[in-house]
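What follows draws every value from the coordinates through simple rules; no lab data is involved. In this text the structure is predicted, and so the values were computed from the model without any measurement. Reconstructed Cβ throughout: ideal geometry from the backbone, glycine too, with neighbour counts over all protein chains shown.
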Amino acid sequence: MRILTVHNHYQIRGGEDECHEAEVSLLRERSHCVDAYEEKNDRVSELGSLRVAAKTIWSQEVYQTLRRLFTQRRYDVVHVQNFFPLISPSVYYAARAEGVPVVQTLHNYRLLCPNALFFRNGSICEDCLGKFIPSPGVLHGCYRNSQVATGGVATMLTVHRAMSTWTKMVDLYIALTEFARQKFIEGGLPAEKIVVKPNFVSFDPGLGEGRGGYALFVGRLSVEKGLDTLLSAWEHLGIKIPLRIVGDGPLADQVVEATKRLPQVKWLGRRPMAEVYALMGEAMFLVFPSKWYETFGRVAVEAFAKGTPVIAANIGAIAELVESGRTGFHFRPGDTEDLIAKVEWALSNPAKLAQMRQEARAEFEAKYTAQKNYEKLIEIYTKAQSIRNSQVHF
């Protein structure tokens, strides 16, 4: 099978970039021919705000380049990971003009929300959900804290809703969880076009032993990740269990301040993935205190691969990934006392926690290995081809 992947990289390497690279490697390792069409957000500053806004709506450059590419090479499927902002939805039209099936992975909520998070001022916000024109997002300047920049995103969303781009130009969407799928259906995408395929762990890191005697947080240090809930809980837990924090982000200074007054909390900053896996394997459990609708929760799946249970906020996709009482626990999002209660229960029930380690590893093996993901991905590509062929012959 010959596949063209399309991806707009962020300036700061993120989860979407890593997922894209993992899928490309997965396919190439299994003898598929994979070409990549990519843009990088480093160009944004070079182009200027007006040209970027125009490209966000429609990039004639991308359209023409891909039309030429499609006449030179025959692809079985085009898999779009991220078109925003420089590639634009013109990629769909170029593929449709040449009869190439299109699959789009929904890594975030950009098609429904200008800032892609459903999160504003420290809490969930669905003000733009289901609105033809996402005017509340413009009013609040939700994208880059700018009404002008958000206006550009809102224009792109509105223009392509009017053109029926989202409903007609994509053969299949991939949502990462059933929660995310339902949210996109609520926002107007056709239910029959959205399939669920989770992210995966690209290689098996092996089972850990969980003997480190500490709790672990891994992720971006930002408001939506629930750092305030996490640090507040450990302020009350005292020395009952140490907490190690891996990651960096805008709240790094707050984490540093917390480590000064809480000796049981240690910030490790960014760490190589091999070291992160080692930390996960020895942790008693991972804490995932997110406050927003995660579209997935890759860190939780990586913890499962090491056999480490997850204490997760009962919100969005992460609540779906963690089965409370089997692979970890749920606590009420933003509720420090409930998080403390779950941690204390885990500390008081080592035998149950040991059983959870086995269940977490079994969950990884059943759903999140590279081979399981490959099989599902090829199934999706084949279905997209069938859909496009049926439209051609209609």
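Remarks
- Paramagnetic reach from residue 391 (point 7 Å along Cα→Cβ, amide N under 16 Å) across region 102-140: 102-105
- Helix 15-29 and the longest principal axis of the Cα set of the chain meet at an angle near 70°.
- When its C-alpha radius of gyration is set against 2.2 N^0.38 Å (N residues), the chain gives a value of 1.02.
- Distant-in-sequence amide contacts of residue 58, defined by a placed amide H-H separation under 5 Å and a gap of 5 or more residues or a different chain, comprise nothing.
- Relative contact order for region 215-367: 22 percent, from Cα pairs under 8 Å spaced at least 6 residues apart, divided by residue count.
- Backbone N within region 365-386 under 13 Å of label point (7 Å from residue 195 Cα along the Cβ vector): 373-386
- Exposure proxy ranking for 63, 143, based on other Cβ atoms within 10 angstrom of each Cβ and starting from the fewest, stands as 63, 143.
- Once the Cα atoms are used to define both axes, helix 370-392 deviates from the longest principal axis of the chain by about 20 degrees.
- Each Cα pair under 8 Å and six or more residues apart adds its separation to the average, and for the chain the resulting relative contact order is 14 percent.
- Relative to the longest principal axis of the Cα atoms of the chain, the long axis of helix 336-348 lies at roughly 60 degrees.
- Inter-label distance, nm, simple model (7 Å from Cα along the C-beta direction), residue 214/residue 366: 3.1
- Computed label-point distance, nm, for sites residue 268 and residue 97 using a 7 Å Cα→Cβ extension: 5.0
- Average Cα contact separation per residue, region 42-188, under 8 Å, 6 or more apart, as relative contact order %: 24
- On the basis of the beta-carbon distance and an R0 of 35 Å, residue 42 and residue 260 show a calculated FRET efficiency of 0.45.
- Per-residue 3J(HN,Hα) values for region 173-181, derived from phi via the Karplus relation 6.51 cos²θ - 1.76 cosθ + 1.60 with θ = phi - 60°, read 9, 10, 9, 8, 8, 5, 4, 4, 4 Hz in sequence order (x marks Gly and Pro).
- As a calculated quantity, the FRET efficiency between residue 72 and residue 51 at R0 = 30 Å, using C-beta atoms, amounts to about 0.65.
- In region 238-339, trypsin sites (Lys or Arg not before Pro) in a DSSP loop with at most 16 other beta-carbon atoms within 10 Å: 240, 270, 326
- Sparse packing (at most 15 other Cβ atoms within 10 Å of the Cβ) combined with a DSSP loop state is found for none of the chymotrypsin sites (Phe, Trp or Tyr not before Pro) in region 263-367.
- Summarising the label geometry, the points placed 7 Å from Cα in the beta-carbon direction at residue 29 and residue 351 lie 3.9 nm from one another.
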